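Peer 1: Before I ask anything, let me first share the structure, which is written out below as structure tokens.
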Amino acid sequence: MRRDETRSPWRTLGSRNVYENPWISVREDSVIRPDGEPGIYGVVHYKNTAVGVLPVEQDHVYLVGQYRYPLERYSWEIPEGGCPADEEPLRAAQRELREETGLEARNWRMLGEAYLSNSVADEYAVWFLATGLVPGEQRPEGTEVIGVRRVPVREAVAMVMDGRITDALSSLALTTYALGDSDGNDVAAD
């Protein structure tokens, strides 16, 4: 039996906003489930696009480390942050790289895009490769205390594989790069 992939098996009866802050909103929908039974569905809406940067130099990558409040643990990851609706993702990626590492890049290439947790959230992410790196001054936001490490790409990929890197966007960017991208086209830095 072939299913119509464009038609939702869910029926929404109503929605109510449960919580909102400058970054997310949470709504609860009253629904009829695919099995015909009534139910609820909670959805987290992200107001920003997640952007990540994989800064690569001579087979090494720059990672940033910081304490992640929701996890109550330190996390090594690629430079990343939020891109508001009125900003281009490439510009946001350039800003995040500069803020978190002090680096600027001459060459940029989009490596991929994904939804990070599509069963409960609509968080959309894009990640870029940054090369031709030029050092500068790190300027983290007030909510960030960031460490920076330069490690071989192979080690960073091993960190993903053995669980030392657990951040989804970092894992996607590192494995995309390690597997090779398909188009290889740089995007303009300006």
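Peer 1: Against the longest principal axis of the chain, how steep is helix 168-179, in degrees 0 to 90 to the nearest 10, with axes from Cα atoms?
Peer 2: It works out to around 60 degrees.
Peer 1: Where in region 86-146 are there chymotrypsin sites (Phe, Trp or Tyr not before Pro) that are in a DSSP coil and have at most 15 other Cβ atoms within 10 angstrom of their Cβ?
Peer 2: Values: sites: Trp108, Tyr115, Tyr124, Trp127, Phe128; in loops: none.
Answer in residue order: no site qualifies.
Peer 1: Where nothing but the Cβ of Lys and Arg (+1) and of Asp and Glu (-1) is charged, how large is the charge dipole of region 7-56 around its Cα centre, in debye to the nearest 20?
Peer 2: It works out to roughly 140 debye.
Peer 1: Where the centre of each part is set by its Cα atoms, how far does region 3-21 sit from region 115-166, in angstrom?
Peer 2: 32 Å
Peer 1: Suppose we keep just the DSSP beta bridges with both residues in the chain; what percent of those would be antiparallel, to 5?
Peer 2: On the way: 45 of 52 bridges.
That works out to approximately 85 percent antiparallel.
Peer 1: May I ask you to list the GluC sites (Glu not before Pro) in region 129-176 that are in a DSSP loop and have at most 15 other Cβ atoms within 10 Å of their Cβ? Let's see the in-between values first.
Peer 2: Working: sites: Glu137, Glu141, Glu144, Glu155; in loops: Glu137, Glu141, Glu144.
In loop regions of region 129-176 (DSSP not H, G, I, E or B), the sparsely surrounded GluC sites (Glu not before Pro) are Glu137, Glu141, Glu144.
Peer 1: What ranking do 58-68, 7-17, 168-178 get when scored by the average of other Cβ atoms within 10 Å per residue, highest first?
Peer 2: Output ranking for 58-68, 7-17, 168-178: 168-178, 58-68, 7-17.
Peer 1: Quick one: grab the alpha carbon gyration tensor of the chain, order the square roots of its eigenvalues as a ≥ b ≥ c, and give me rounded if a/c is under 1.5, else prolate or oblate depending on whether a/b is larger than b/c.
Peer 2: Prolate, because a/c is 1.5 or more and a/b exceeds b/c.
Since every read-out is calculated from the coordinates, none of them should be taken as a lab result. Keep in mind that this is a model prediction, so the values were computed, not measured. Every residue, glycine among them, receives a Cβ derived from its backbone with ideal geometry; neighbour counts consider all protein chains shown.
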